[in-house]
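Read the structure below first, then the notes.
The values are calculated or read from the model by the stated rules, or taken from the named source; none is laboratory data. None of these values were measured; they are calculated from a predicted model. Reconstructed Cβ throughout: ideal geometry from the backbone, glycine too, with neighbour counts over all protein chains shown. We work out accessible area using only protein heavy atoms, side chains counted, and drop any ligands, DNA or RNA first. Shrake-Rupley method; radii C 1.70, N 1.55, O 1.52, S 1.80 Å.
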Amino acid sequence: MNLLLKYKHQLIIGGIVLLLVAAVSIPFMFASSNPILSQSDLDPCNPVEIESGDESSNYIVVDIKGAVKKPGVYKMPEGSIVQDVIDEAGGLKSTAYTQNINLSKTLSNEMVIIINTKSEMKNQTTKKIEDVKNDVEDNSNNNTNNNTNNGSNVCVCEPGSTTGTISNNTANKTLVNINTASKEELMSVSGIGASKADSIIIYRMENKFSTIDDIKNVSGIGDALFAKIKDYITV
């Protein structure tokens, strides 16, 4: 007891010193874990730059439908092509038909891409052939009437008939690949009109031409027409 009374003043002084040290240290401890913004950070003339993600203007949205595994709307980088969005949609189904689509075409915003199946394309082409035949019949009837009225001879030729003028393709003997040619390219061969070009396209959807002789398997193309066009086609 006498010892405590003897050092009473020293203990009080020591306690005060500890309190002062603690009071000075605490603000520094908080400062290390919560840094204070500098004056430049708070200056409205010197705003803090905030990193952000890619700008939305660098992307476009494309709607792809039909014979792909995951049809839907996709966000694609600008400059992407049709093949890119097909890959994004999980790829093509086994029934897809893309010979009428430019897979390298650059996408545009809000573009709609429809991938048809082979059967859909066949039905569409068959319908076009029927429309052509109906048009030919109508023209034939009209021309027959004109012939009766005018007393003149009128030759009505069905598209794809062997009669007609020789095309530029025949003159320069440019070979047309019957496996890959478009309808217009097939029609450039003298003797192949719209209906026969459609028939060729329908046939090759299921059967690739191995030789040019195989074209005789197409409805409407016999030995006579083959003899006329064989020098201008290839496989």
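Inspect the stretch 187-207 for any residue being more than 19 Å from MET121 (Cα to Cα), hydroxyl-bearing (Ser, Thr, Tyr) and buried (at least 19 other Cβ atoms within 10 Å of the Cβ) and give the result as yes or no.
Yes, there is a match, as at least one residue in the stretch 187-207 is more than 19 Å from MET121 (Cα to Cα), hydroxyl-bearing (Ser, Thr, Tyr) and buried (at least 19 other Cβ atoms within 10 Å of the Cβ).
Which is in contact with an Asp or Glu (Cβ under 9 Å, 6 or more places away or on another chain), under 22 Å from LYS183 (Cβ atoms) and either open to solvent by less than 30 Å² (accessible area, probe 1.4 Å) or modelled with pLDDT under 95 (or both), of ILE60, ILE113, ILE101? Don't jump to the end; show me each part of the working.
Numbers: ILE60 fails: under 22 Å from LYS183 (Cβ atoms); ILE101 fails: in contact with an Asp or Glu (Cβ under 9 Å, 6 or more places away or on another chain).
Step by step, each of ILE60, ILE113, ILE101 is checked, and only ILE113 is in contact with an Asp or Glu (Cβ under 9 Å, 6 or more places away or on another chain), under 22 Å from LYS183 (Cβ atoms) and either open to solvent by less than 30 Å² (accessible area, probe 1.4 Å) or modelled with pLDDT under 95 (or both).
Failed condition for LYS133, given (1) of a type outside the set (Asp, Glu); (2) modelled with pLDDT under 55; (3) over 26 Å from LYS118 (Cβ atoms); (4) open to solvent by 30 Å² or more (accessible area, probe 1.4 Å), with all others met?
Condition not satisfied by LYS133: (3).
Take the stretch 208-235 and flag every residue that is assigned to a loop (DSSP other than H, G, I, E, B) and either among the small types (Gly, Ala, Ser) or open to solvent by 50 Å² or more (accessible area, probe 1.4 Å) (or both).
The answer is LYS208, SER210, THR211, SER219, GLY220, GLY222, VAL235.
Determine which member of the set SER140, SER108 is open to solvent by less than 80 Å² (accessible area, probe 1.4 Å), more than 25 Å from LYS208 (Cβ to Cβ) and modelled with pLDDT under 60. Please lay out each step first, then the result.
On the way: SER108 fails: modelled with pLDDT under 60.
Of the residues listed, the single one that is open to solvent by less than 80 Å² (accessible area, probe 1.4 Å), more than 25 Å from LYS208 (Cβ to Cβ) and modelled with pLDDT under 60 is SER140.
What residue, of ALA67, ALA96, is in contact with a Leu (Cβ under 9 Å, 6 or more places away or on another chain), aliphatic (A, V, I, L, M) and modelled with pLDDT under 95?
Values: ALA96 fails: in contact with a Leu (Cβ under 9 Å, 6 or more places away or on another chain).
The match here is ALA67.
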